[in-house]
Every structure is written in structure tokens, then in C-alpha cells.
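The values are calculated or read from the model by the stated rules, or taken from the named source; none is laboratory data. All of these numbers come straight from a predicted model, not from anything done at the bench. Because the Cβ atoms are built from the backbone with ideal geometry, glycine has one as well, and the counts that use them run over all protein chains shown.
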């Protein structure tokens, strides 16, 4: 399976680094990465999305489904058009 992203290398927080809400990351909950919502085939993480994650949170904390959805629609993390 080809993935558009990598799971956290070190289980980090269970909160989105963009909005602070729970990200429901399976890895953060101690489950295998393939059990996570983000491994669904219709979920795509772009380089632009990944670049929004603060450097100190990259590879440690995952963007939540709500932020991924808003960003995929061209909205910012607060649901506003840029």
C-alpha cells in the first residue's frame, strides 16, 4: 500500500498540532498505524498540509480529520477561506 503520509515516529500527543482538538490517532492510542482513520484510501495529506505542522510537532502529532477536511477544501484550520 502506498501512503500519502507517515505515521508518527514517536507516539506524541493525542491532539492536532493545528487546532488543538483530539486527533484520534491510533498510534497515539497505542494501536497499529493501519487502524487509524488517516489510513483510509480517500485521505490524502499534501505537502502544504504537512508544512503547516510546527517543526517541533512533526513526526510526533497528527493533524485531525476536521483540519484535513478543511484544508483539502481550501479552507484554513478555522474553516475560513484564505
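Regarding residue 61, is this residue modelled with pLDDT under 90, surrounded by 14 or more Cβ atoms within 10 Å (Cβ to Cβ) and touching a strand residue (DSSP E or B) at 6+ places or on another chain (Cβ under 8 Å)? Here the answer is yes, as residue 61 does meet what is asked. Return yes when residue 38 is at pLDDT below 90 and surrounded by 18 or more Cβ atoms within 10 Å (Cβ to Cβ) and no when it is not. Answer is yes for this residue.
Yes/no matrix, rows are residues, columns are (1) under 25 Å from residue 73 (Cβ atoms); (2) without any contact (Cβ under 8 Å) to a residue 12 or more places away in the chain; (3) out of contact with any helix residue (DSSP H, G or I) (no Cβ under 9 Å at 6 or more places or on another chain):
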position: 14; (1), (2), (3): yes, no, yes
position: 17; (1), (2), (3): yes, no, no
position: 23; (1), (2), (3): yes, no, no
position: 29; (1), (2), (3): no, no, no
position: 32; (1), (2), (3): no, yes, yes
position: 42; (1), (2), (3): yes, yes, yes
position: 48; (1), (2), (3): yes, no, no
position: 56; (1), (2), (3): no, yes, yes
